[in-house]
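The values are calculated or read from the model by the stated rules, or taken from the named source; none is laboratory data. What you see is a predicted model; the values in this text were computed from it and never measured. A quick note on method: Cβ atoms are made from the backbone with ideal geometry, for glycine too, and the neighbour counts reach across all protein chains shown. Surface areas here come from the heavy atoms of the whole protein model, side chains and all, with no ligands, DNA or RNA. Shrake-Rupley method; radii C 1.70, N 1.55, O 1.52, S 1.80 Å.
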Amino acid sequence: MKVKSLLSVLAFSSISLIAHAAETDNLAVYSTQQDKGATSLGKQAFHTKSFDVTLANIGDKDADLSKLCLKAYNGHGKAFKLDTIDETLTTGKLAPKKTLKGTAVFASNDESVYDASIVKLSDYCNSHDNK
């Protein structure tokens, strides 16, 4: 009886995981580091790092870009907020086997953003954690 219950739980869990597969699983992000910059206004300053970004839909369904966002990370997993992005990377749908190119700029109050080395897609767009 316990075996049947366990199998039922496992079956429902795997179905649930399949149903909740992230749209990000079918999108590849190719990024190339570009410029570092800084802006100051009075005593305030912020630092930026830009990336050339290509999104590729490797899946078999359209990807809704409006539900996704880009985050940059350093080698320790610290995430940096998106400051500026080409609108083509955040609007509309990306058809299967198609790509889009644009620029994304990430910002920080200190120079730590200069250590950002990878750009990833996330569906946790309103979150400030490192997902």
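Keeping every protein chain present and rolling a 1.4 Å probe, give me the accessible area per residue for segment 67-131 in Å².
That works out to 61 Å² for each residue.
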- line: Computed about the Cα centre, the charge dipole of segment 72-131 from +1 Lys/Arg and -1 Asp/Glu charges at the Cβ has a magnitude in debye, to the nearest 20, of 460
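Going highest first, how would you order 78-88, 48-58 by mean Cβ packing within 10 Å?
Details: 78-88: 15.4, 48-58: 19.1.
Taking the mean over residues of other Cβ atoms within 10 Å, the ranking is 48-58, 78-88.
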task: Could you tell me which of the pairs LYS78/LYS101; LYS36/LYS93; LYS67/LYS120; LYS98/LYS120 are separated by over 22 angstrom between their Cα atoms in the structure shown?
output: LYS78/LYS101; LYS36/LYS93
task: Please report, as a whole percent, how much of the solvent-accessible surface of segment 51-131 comes from carbon and sulfur atoms (probe radius 1.4 Å).
output: 48
- request: Add +1 for every Lys or Arg and -1 for every Asp or Glu among the other residues with Cβ under 9 Å from the Cβ of THR48, and state the total.
  value: 0
